[in-house]
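The values are calculated or read from the model by the stated rules, or taken from the named source; none is laboratory data. All values reported here derive from a predicted model rather than from experimental measurement. Glycine gets a Cβ as well: all are built from the backbone with ideal geometry, and neighbour counts include every protein chain shown.
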Amino acid sequence: MQRMPQWADVILIPLISLILAAVLSALVILAIGENPWAALKLMVEGSLGSTYAWGYTLYYATNFIFTGLAVAVAIHARLFNIGGEGQAMLGGLGVALIALFIPWPHWTLALLGGAVGAALFGAAWAFIPAWLQAKRGSHVVITTIMFNFIAAALLNYLLIGALKPQGSMEPATGRFPEATHLPTFQDMFSTAETALFRGAPVNVSFFVALIACVAVWALIWRTRLGYEIRAYGQSEGAAKYAGISPVKIIVVTMLISGGLAGMMAINNVMGEAERLVLNAVEGAGFIGIAVALMGRSHPFGVLLAALLFGFLYQGGAELALWTSIPRELIVVIQALVILFTGALDNMVRMPLEGLFLRLRRAPKPDRKTSPAE
Amino acid sequence: MTDQTPAIELKGISKAFGPVQANKDISIRVMPGTIHGIIGENGAGKSTLMSILYGFYRADAGEIWVDGRRTEIPDSQAAIRAGIGMVFQHFKLVQNFSVLENVVLGAEDGAMLRPSLAKARRELKDLAAEYELNIDPDARIEDIGVGMQQRVEILKALYRQADILILDEPTGVLTPAEADHLFRILKGLRDQGKTIILITHKLREIMEITDTVSVMRRGEMTATVQTAETSPPELAELMVGRKVLLQVEKVPPKPGKTVLEVENLRVVDSKGVERLRKIGFEIRAGEILGIAGVAGNGQSELLEVLGGYRRAEGTVRLNGKPLELAGRHANGRARRAAGVAHVPEDRHHEGLILDFSAWENVAFGYHDRPEFNKGLFMDNAAIKADAAAKMERFDVRPPHPHLAAKNFSGGNQQKIVVAREIERNPDLLLIGQPTRGVDIGAIEFIHEQIVALRDMGKAVLLVSVELDEIMSLSDRIAVMFDGKIMGERLPAETDERELGLLMAGITDTDKPHSEAEIEANLARRHASADKEA
Amino acid sequence: MDFLTLIQVFDTTIRLATPLLLACLAGLFSERAGIFDIGLEGKMLASAFLTAAVAAVTGSVLVGLLAGIGGAMALAGIHGLASITFRGNQLISGVAINFLAAGLTVVVAQSWFGQGGRTPQLSGNARFGTIDLPFAAEIRDIPLLGPIYADLISGHSLLVYVGLLMVPLTWYVLFRTRFGLRLRAVGENPAAVDTAGISVVGLRYAAVAICGLLTGLAGAYLSTGLQAGFVKDMTAGRGYIALAALIFAKWRPWYALGACLLFGFLQALALRPDVIEGTLGFEVGVQLLDALPYILTVVILAGFVGRAIPPRAGGEPYVKER
């Protein structure tokens, strides 16, 4: 017997969690002496008020779609991949190597090559934690955290060493060749009379991200592999009984997850920076956790949550520009979203389930209900 | 009896879990210095009632009286204070603690550990002497057997000066010999004036050891009688509410060619313990081989090896072709392809994915079959149609393929699993605990399906801890003990007593089976099988 | 490498190991009780900020310390609420707490001090001063032992000694007291504790509170002992290194001391590349030293060098069942 209707589980709970996070954030803004309402207006204006603003919002959202999908795919196999950050860093390395050392004739091919390279490098970085989890039982959460730090050290090493152009003082690679530059929305949608998305970094990668959403949806709900991933995630014992190899599922799922996280690099490294800089990921790997939790691990939910976080990110940047509220406010909001949609899920869920149970029983008022136990 | 104050009196206890009413207005009087049995089917609400008495759950309504005083038992601490101790079905021990530490936990004297441990060590010695409860206080729980672990649980209660001891299905994990020892201990405790409540679903135990018995059915207390004044058939009827048909209707077997041959099968688990000790047997077409034994004597491992998800050494042949026991093709998928179907012992953790819908479960394990796939993608429409048809044939209720498996009752869940496995027309069916937690109606139905499969000329390996089930379904019975097959019997030529002895590891000649003997047996059987073929 | 350089490196090791050690022992209490905590980083950061901020305002480091501990314990309370009361995912809760601290400290610091997310420089009583042990000056000139005592053992801030004393204290509490027995039991099999009539929830909250207290000390040391003020993200992954040390130490107090000293030593070496080059004769990348604690932990986790088995009930919320 279901405790509450599915729409409540899918829509109501994330919505209430979001409202709770928003209220607390408003209190924080109030506490530091700013006006939450004015702040919200500024954020909406700065992130949705013009094609330029949208151009940034969608650019950030593209990053978060990739990292959110990465976390979501892993969650279906009951794996918690905190390593999106490191995998995205390595994805950046893959893109950089492919853009710098292969002469591409056209951006379409470069995009394809970059996506493959990014995915391969991201997947490779997820492989060791995956293999250790599958074969040695080392907890993937801890190993992926460790691999985030190892990735940071590795990139640091490469960017002040081998990959830095001679004579440069900056820890970054040289600029990628012209042929690898991806068309931005400005290039694609502006007409001679009206310039749209002028100067905004959103680029063709956004559409790749949308394709990735559809692909992940099909993978999880329409393929044998997806069926097996979900089966393993729900019950390891049952998976073994059915002849589904846990080793294969863990490794393949983590490779897909790492690949998706790595693919973020076609947006931020290839599409925007057009070179690899230190800390290119800027925490997007971690935001993927919030996005996946908020989106209930469903690609469509991930898309919506990624747009929300794109809005928060761009809005937060605007806020920092025009008020004394620092950008880190967004980190607070992100934390609250993770807290309410992830860890405190039951706090929202339990009273709601009780409510639905009571609504259902309303015609029979004589029956006693016991407190939650 | 009315002139005495009951040790425990429950008045009008009710308890609901969500929409499920586990206990309905239950009243019971337990007299001091007696062994009081509470019997009922799985899910009748026995354990819930006792958990309320032990403060593990709180009743929605009703009163608890201990020694004539109204007592509130909001938590286990209160139960312990009231002199109640409980031995749960699943032991509540800390695996890497010593016996002593487990006994002391929660009953320490003062904040420092040393004096508590020293005192407990002394008292344990006294208790051991008094009640035949010998045990090494420094042994770690993970290193001792289940019988010993149960003793630790009893000692825990006694150390807390419990006058009333509740035991929940205490013999489920014990051999008959261990169970006898336990009963001796319990009788000793009663003779010292302790009150004992024994929860069980086994009629034999009730008859053997209790003074009074209360019967529960579907959350209600249906009767309380003196054990001496009742009989097993009467209790059985009170338990299930109608006459039980224990015997299954079936025609004599017509065994055909050998389907499954097992030789020298050996399993060593991850801790290095030998779980199967080079066993051998065979099953012919049109024959049900029942494996009897106390849980934990290697039956589960046997099913897992044959089902393809546990590594083993030795030889297993299906229709003359060897099955891989280690390596790449030792998995459930390869087994299904070879014609082995498997209804596993634990449907919640193996047979079903509880959060998957019924239709997804009906394809489970067979999801890579061509009829369920269209190119790269799964053909969900085909799977749903197949599931709906199977659920209808097996009368699964409610007949909704979209409902999640967890929302079906135990019997209907088991029907889903059995439908999935039997309907593939396998050469060999492995079926473990087919009716555990299944209501009577579904039991009959499932038994009929097993027999029907055998009558179609298929081989069936039946594993069950319910001796009645083994006796009524099997064409041959093999008894397992400590990873060995102690002997094979024909149901018509044996009885529960003999099987019980075998289950305790005692053969007729009272000497352990040697490997040579098994080999010789096997050779003999092969010779005769070859002659017939 | 000469003797004095060695003393210097070891001296730095002790100072860098202290916040790791306090945080590691904090995690030990929590995880031994079955509550995984990847939020050590966040709690340290919150305490580092609050200690420095309140010390800067009041001029007293002790008042600051109380505030810092309070902050860390408040976050521990959230973790408890999520993972004990509401049976949420402990890993997710830890991640959230790390972000909460990373965001809030900067937002509040900016609002209070307007210095780009940092506190003012601390000096005098607003910092933990060094403590000279008795006779340090007198015996400095004795060869070998003198410098070891005077320069290595003596002359640290109070919290360094507190951290070192916490090791035997933790061991004693865990293995010699009733509380410790129950704490270890609740991390292994909460049902055993529950049926023995002890509150699982109470014990776990107690463990989480101790974790808050110790991370509070760790954070306070960072901003008022090791450095003179708070800067954004000043924990710089120390919470995760502490976590790594905890696994490395297999959840045991004395091993934790060893692991933290080792990781502290690696951090100390990273500050002195000249020493490594002088000793080994070739250059070792600073990045390698940075990454080494994590690499070592992965190796340990992989079980190639002894197996690390976490408390059995770790990470699982306790649900009553028969």
Go through (1) within 30 Å of B:Val294 (Cα to Cα); (2) buried (at least 18 other Cβ atoms within 10 Å of the Cβ) one by one and return the number of the condition B:Asp368 breaks. (1)
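Can you tell me which of A:Ala212, A:Ala231 is among the aliphatic types (A, V, I, L, M) and closer than 27 Å to B:Gly307 by Cα?
Numbers: A:Ala212 fails: closer than 27 Å to B:Gly307 by Cα.
Being among the aliphatic types (A, V, I, L, M) and closer than 27 Å to B:Gly307 by Cα holds for just one of A:Ala212, A:Ala231, which is A:Ala231.
If you scan the stretch C:164-182, which residues turn out to be hydrophobic (A, V, I, L, M, F, W, C), closer than 29 Å to C:Thr51 by Cα and within 11 Å of another protein chain (Cβ to nearest Cβ)?
C:Val173, C:Leu174
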Taking the condition of being more than 14 Å from chain A (Cβ to nearest Cβ) and surrounded by fewer than 18 Cβ atoms within 10 Å (Cβ to Cβ), how many residues in the stretch C:103-146 meet it? 23
Quick check: anything in the stretch B:221-232 touching a residue at least 60 places away in the same chain (Cβ under 8 Å) and not in a helix (DSSP H, G or I)? yes
Could you list, in sequence order, all residues of the stretch A:43-102 that are in a loop (DSSP other than H, G, I, E, B) and closer than 21 Å to A:Thr180 by Cα? A:Ile102
Scanning for something on the phi > 0 side of the Ramachandran plot and buried (at least 20 other Cβ atoms within 10 Å of the Cβ), does the stretch B:282-293 turn up at least one residue? yes
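Looking at the structure I just gave you, is C:Gly94 under 18 Å from the mean Cα position of the chain (by Cα), more than 11 Å from chain A (Cβ to nearest Cβ) and not β-branched (Val, Ile, Thr)? Outline the logic, then answer.
Values: under 18 Å from the mean Cα position of the chain (by Cα): yes; more than 11 Å from chain A (Cβ to nearest Cβ): no; not β-branched (Val, Ile, Thr): yes.
Answer is no for this residue.
With the condition being buried (at least 20 other Cβ atoms within 10 Å of the Cβ) and within 11 Å of chain A (Cβ to nearest Cβ), I'd like the helices (runs of 4 or more DSSP H) fully within the stretch C:226-320 carrying at least 2 qualifying residues. Before you say what the answer is, go through the steps one by one.
On the way: elements: C:238-248, C:253-271, C:273-280, C:286-301.
By residue number, C:238-248, C:286-301.
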Which condition number in (1) assigned to a loop (DSSP other than H, G, I, E, B); (2) away from every other protein chain (no Cβ under 14 Å); (3) farther than 25 Å from B:Glu444 by Cα is the one that B:Tyr366 fails? (2)
Assess whether C:Tyr205 counts as being more than 9 Å from every other protein chain (Cβ to nearest Cβ), in contact with a strand residue (DSSP E or B) (Cβ under 9 Å, 6 or more places away or on another chain) and aromatic (Phe, Trp, Tyr). no
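Per-residue answers, yes or no, for (1) under 15 Å from B:Ala341 (Cα atoms); (2) touching a strand residue (DSSP E or B) at 6+ places or on another chain (Cβ under 8 Å); (3) β-branched (Val, Ile, Thr):
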| position | (1), (2), (3) |
| --- | --- |
| B:Leu429 | yes, yes, no |
| B:Arg436 | no, no, no |
| B:Ile440 | no, no, yes |
| B:Ile443 | no, no, yes |
| B:Arg454 | yes, yes, no |
| B:Lys458 | yes, yes, no |
| B:Asp468 | no, no, no |
| B:Met471 | no, yes, no |
| B:Asp475 | no, yes, no |
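Kindly establish whether B:Ile80 is touching a Leu at 6+ places or on another chain (Cβ under 7 Å), in contact (Cβ under 8 Å) with a residue 40 or more places away in the chain and within 14 Å of chain C (Cβ to nearest Cβ). Let's see the steps before the verdict.
Working: touching a Leu at 6+ places or on another chain (Cβ under 7 Å): no; in contact (Cβ under 8 Å) with a residue 40 or more places away in the chain: yes; within 14 Å of chain C (Cβ to nearest Cβ): yes.
Answer is no for this residue.
If the requirement is being at pLDDT 95 or above and of a type in the set (Asp, Glu), which of these qualifies: A:Glu228, A:Glu282?
Numbers: A:Glu282 fails: at pLDDT 95 or above.
After ruling out the rest, the residue left standing is A:Glu228.
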Check on B:Arg277, under 23 Å from B:Met503 (Cβ atoms), of a type in the set (Lys, Arg) and outside the structural domain of B:Glu142 (by TED's automatic domain parsing): yes
Go through (1) surrounded by fewer than 23 Cβ atoms within 10 Å (Cβ to Cβ); (2) within 8 Å of chain A (Cβ to nearest Cβ); (3) not polar (S, T, N, Q) and name the single condition C:Gly77 misses. (2)
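Return the residues of the stretch B:193-213 that are at pLDDT below 90 and not in a strand (DSSP E or B); say none if nothing qualifies. Working first, answer last.
Kept after step one, since they are at pLDDT below 90, are these residues of the stretch B:193-213: B:200-208.
Residues satisfying the conditions are B:His201, B:Lys202, B:Leu203, B:Arg204, B:Glu205, B:Ile206, B:Met207, B:Glu208.
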Out of (1) at pLDDT 90 or above; (2) within 13 Å of chain C (Cβ to nearest Cβ), the odd one out for B:Asn42 is which? (1)
If you go through C:Ala72, C:Ala82, the only one that is buried (at least 24 other Cβ atoms within 10 Å of the Cβ), of a type in the set (Gly, Ala, Ser), within 30 Å of C:Ser199 (Cα to Cα) and free of Cβ contacts under 8 Å to residues at least 40 places away in the same chain is C:Ala82
Please verify whether B:Pro434 is outside any helix (DSSP H, G or I) and more than 18 Å from the chain's Cα centre (by Cα), treating the condition exactly as stated. no
Enumerated helices (runs of 4 or more DSSP H) restricted to the stretch B:89-168, each holding at least 2 residues that are modelled with pLDDT of 90 or more, among the β-branched types (Val, Ile, Thr) and within 28 Å of B:Ile8 (Cβ to Cβ): B:99-104, B:146-159
Among the residues of the stretch C:169-226, which ones are charged (D, E, K, R) and either without any contact (Cβ under 8 Å) to a residue 24 or more places away in the chain or under 23 Å from C:Leu21 (Cα atoms) (or both)? C:Arg176, C:Arg178, C:Arg182, C:Arg184, C:Arg204
Whichever residue in the stretch C:94-139 is assigned to a helix (DSSP H, G or I) and aromatic (Phe, Trp, Tyr) and, among such residues, is nearest to C:Leu217 (Cα to Cα): C:Phe99
Identify the residue in the stretch B:325-363 that is basic (Lys, Arg) and surrounded by fewer than 19 Cβ atoms within 10 Å (Cβ to Cβ) and, among all such residues, is farthest from the other protein chains (Cβ to nearest Cβ). B:Arg328
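Which of the following residues is assigned to a helix (DSSP H, G or I), crowded, with 24+ Cβ neighbours inside 10 Å, at pLDDT 95 or above and away from chain C (no Cβ under 14 Å): A:Ala123, A:Ala130, A:Ala151?
A:Ala123
Results for (1) within 28 Å of the chain's Cα centre (by Cα); (2) closer than 30 Å to B:Asp468 by Cα; (3) in the same structural domain as B:Arg217 (by TED's automatic domain parsing), shown as yes or no for each residue.
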residue	(1), (2), (3)
B:Val362	yes, yes, no
B:Ala382	no, no, no
B:Asp386	no, no, no
B:Val396	yes, yes, no
B:Leu403	yes, no, no
B:Phe408	yes, yes, no
B:Gln414	yes, yes, no
Within the stretch B:467-487, tally of residues that are in contact with a Lys or Arg (Cβ under 8 Å, 6 or more places away or on another chain) and at pLDDT below 90: 1
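One line per residue, one yes/no per condition, for (1) touching a His at 6+ places or on another chain (Cβ under 9 Å); (2) facing another protein chain (nearest Cβ under 9 Å); (3) over 27 Å from B:Gln192 (Cβ atoms):
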| residue | (1), (2), (3) |
| --- | --- |
| B:Ala16 | no, yes, yes |
| B:Val20 | no, yes, yes |
| B:His36 | no, no, no |
| B:Thr48 | no, yes, yes |
| B:Glu63 | no, no, yes |
| B:Thr71 | no, no, no |
| B:Phe88 | no, yes, no |
| B:Gln95 | no, yes, yes |
Determine whether the stretch C:24-34 contains at least one residue that is crowded, with 23+ Cβ neighbours inside 10 Å and part of a loop (DSSP other than H, G, I, E, B). yes
